[in-house]
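The values are calculated or read from the model by the stated rules, or taken from the named source; none is laboratory data. Everything numeric in this text was worked out from a predicted model, so none of it was measured. Please note: Cβ atoms are built from the backbone with ideal geometry, for glycine as well, and neighbour counts cover all protein chains shown.
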């Protein structure tokens, strides 16, 4: 369970340099319990590096990234069974069937009631029709649902999502968003979402962190940012930030 | 500091203590922090949780293997080709010369033991490559799986793959050439154990290279063991080598295994000291490979290579 008064995700003066090149430069933000925060920015803004440092896959050059109180560079194994992630850039083994993949990951996460959990996810995410098909032979939408099932198999308290609806058709993307909303509501999960899809951000996120060139250039609730920039949508706000226009400045 | 991942596995798996995980356990700041930091599964023991994760990975590789006839064929194909080639060569030379070594089956024994070393290493490394090929390492790294558990699973799979390849070839050696590998008795167990540990050490080092440098370094996995072929005196005694090369050869664990095998076949003598040398050297090599792998992993984390698993 989460410690009282401690945000499930807390990033403090986090930085990453590759030699002379700075990818992330001393950023700080936190994600309150049971909320969804969007991590936005153009390509090369530092979102993926930030998420990778949160996952412990990249060692920070400075600062720290904590999830559920654990420093992810040194103490990640204290909390890994309580978190999970989904990214279209990390694939499930393609030759294994969906059921085999879920069995393997369920065991890795130490899920006690694994068979029941797989059955439950199969119903929730409508996987029944292809549960025994190789993951590599599924459509993009089906693969996304399987990846989502993997990311929920251990009923995570913290979910890191890197563009969870990238390359999905609008119907499937909407379906995924609806499921994420429901999971967050029912489980009280804390979600950090990196996305380029602004309608998705407006719909799902309570708060938004906007990055550019490795630093945070703005943050706040979507409605607050839209109002502050004098725009009508997050898409316009995103363009303003990406193109270096100041708040309220006309395009 | 002196423990390697694999020896760490055994320490953990066979520990008598079954203590409950401590959520507040602090991570070790040492080189092996990522490999040995304490675990966290509540209401579960370290041992059973660890075994469960190792089993999960073995299951993953087994699913992959059992449903793929090209993979199974590949495991059996090369040992069969090697056995037939060297076996018929030995039969031919034995007819034409009076050298007792040829009549004694030393050549076929060398082929079979060499296959334990080579296939053991490739079996270890290929399971790791499967994760890289399927871009699944990121998924695995985000589970509670410890690196030593991954390596233990690779070790188990190397033995499974080795047995799949070696059993048919061993039977063929009896049928075609009258050479019974199992006739070596308990000595075979000593040879096998030493060769498989060497194969893990080499495989572990090769995996570290690929982890750090990406799949562009994949060819290293397939070729690294062949460096041992001339140096470890697989088909000839150490005395054949130039004097300056002999100390280098004797510093390799397999050299002592092959010397021991020749002593057994040609002189009907089991040389315990050779096995002790091989065992001691293996300990050194496995520890060195563990340190190297841990360093490669840290380097990959620093450089972001874990996110860029392509070429």
Kindly establish whether residue A:173 is more than 20 Å from residue A:103 (Cα to Cα) and surrounded by fewer than 17 Cβ atoms within 10 Å (Cβ to Cβ). no
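Which one of these is at pLDDT 95 or above and either within 20 Å of the chain's Cα centre (by Cα) or assigned to a helix (DSSP H, G or I) (or both): B:211, B:195, B:227? Outline the logic, then answer.
On the way: B:211 fails: at pLDDT 95 or above; B:227 fails: at pLDDT 95 or above.
Answer to the selection: B:195.
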Of the residues A:204, A:193, A:161, only one is under 12 Å from the mean Cα position of the chain (by Cα), closer than 21 Å to residue A:66 by Cβ and more than 14 Å from chain B (Cβ to nearest Cβ); which? A:193
Among the residues of the range A:200-228 satisfying the criterion of being surrounded by fewer than 18 Cβ atoms within 10 Å (Cβ to Cβ) and part of a loop (DSSP other than H, G, I, E, B), which is modelled with the lowest pLDDT? A:213
Filter pass, residue A:58 being within 18 Å of the chain's Cα centre (by Cα), at pLDDT below 95, in a helix (DSSP H, G or I) and at negative phi: no
Got at least one residue in the range A:191-199 being under 18 Å from residue A:121 (Cβ atoms) and either out of contact with any strand residue (DSSP E or B) (no Cβ under 9 Å at 6 or more places or on another chain) or surrounded by 18 or more Cβ atoms within 10 Å (Cβ to Cβ) (or both)? yes
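Can you confirm whether residue A:110 is in a helix (DSSP H, G or I), over 19 Å from the mean Cα position of the chain (by Cα) and at pLDDT below 95?
no
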Which one is modelled with the lowest pLDDT, of the residues in the range B:78-106 that are out of contact with any helix residue (DSSP H, G or I) (no Cβ under 8 Å at 6 or more places or on another chain) and more than 25 Å from residue B:158 (Cα to Cα)? B:98
Does residue B:90 count as more than 21 Å from the chain's Cα centre (by Cα), touching a residue at least 60 places away in the same chain (Cβ under 8 Å) and more than 13 Å from chain A (Cβ to nearest Cβ)? yes
Of the residues in the range A:15-37 that are part of a strand (DSSP E or B) and within 14 Å of chain B (Cβ to nearest Cβ), the one that is surrounded by the most Cβ atoms within 10 Å (Cβ to Cβ) is A:24
Residue satisfying condition, being more than 8 Å from chain B (Cβ to nearest Cβ), crowded, with 21+ Cβ neighbours inside 10 Å and outside any helix (DSSP H, G or I), within set A:10, A:65: A:65
State all residues of the range A:80-91 that are more than 7 Å from chain B (Cβ to nearest Cβ) and not in a strand (DSSP E or B); if no residue qualifies, say none. A:82, A:87, A:88, A:89
Picking from A:138, A:102, the residue that is more than 8 Å from chain B (Cβ to nearest Cβ), buried (at least 22 other Cβ atoms within 10 Å of the Cβ) and either more than 18 Å from the chain's Cα centre (by Cα) or within 21 Å of residue B:133 (Cβ to Cβ) (or both) would be A:102
In the set B:109, B:138, B:203, B:183, which member is assigned to a helix (DSSP H, G or I), within 14 Å of chain A (Cβ to nearest Cβ) and either farther than 25 Å from residue B:288 by Cα or at pLDDT 95 or above (or both)? B:138
Residue check: is residue A:74 crowded, with 16+ Cβ neighbours inside 10 Å, within 22 Å of residue B:59 (Cβ to Cβ) and at the interface with chain B (Cβ under 8 Å from one of its Cβ atoms)? no
Consider residue B:54 carefully, then state whether it is assigned to a helix (DSSP H, G or I), facing chain A (nearest Cβ under 10 Å) and more than 21 Å from residue A:98 (Cβ to Cβ). yes
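Filter the range B:236-250 down to the residues that are in contact with a helix residue (DSSP H, G or I) (Cβ under 8 Å, 6 or more places away or on another chain) and either outside any loop (DSSP other than H, G, I, E, B) or crowded, with 18+ Cβ neighbours inside 10 Å (or both) and list them by number. Can you show your working first?
If we filter the range B:236-250 for residues that are in contact with a helix residue (DSSP H, G or I) (Cβ under 8 Å, 6 or more places away or on another chain), which is where we start, we get B:237-239, B:241, B:245-246, B:248-250.
Scanning the range B:236-250 gives B:238, B:239, B:241, B:246, B:248, B:249, B:250.
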Selection from the range B:287-298 of residues touching a helix residue (DSSP H, G or I) at 6+ places or on another chain (Cβ under 7 Å), surrounded by fewer than 21 Cβ atoms within 10 Å (Cβ to Cβ) and at pLDDT 95 or above yields B:292
Within the range B:61-77, restricting attention to residues that are free of Cβ contacts under 8 Å to residues at least 40 places away in the same chain and part of a helix (DSSP H, G or I), which residue is farthest from the other protein chains (Cβ to nearest Cβ)? B:77
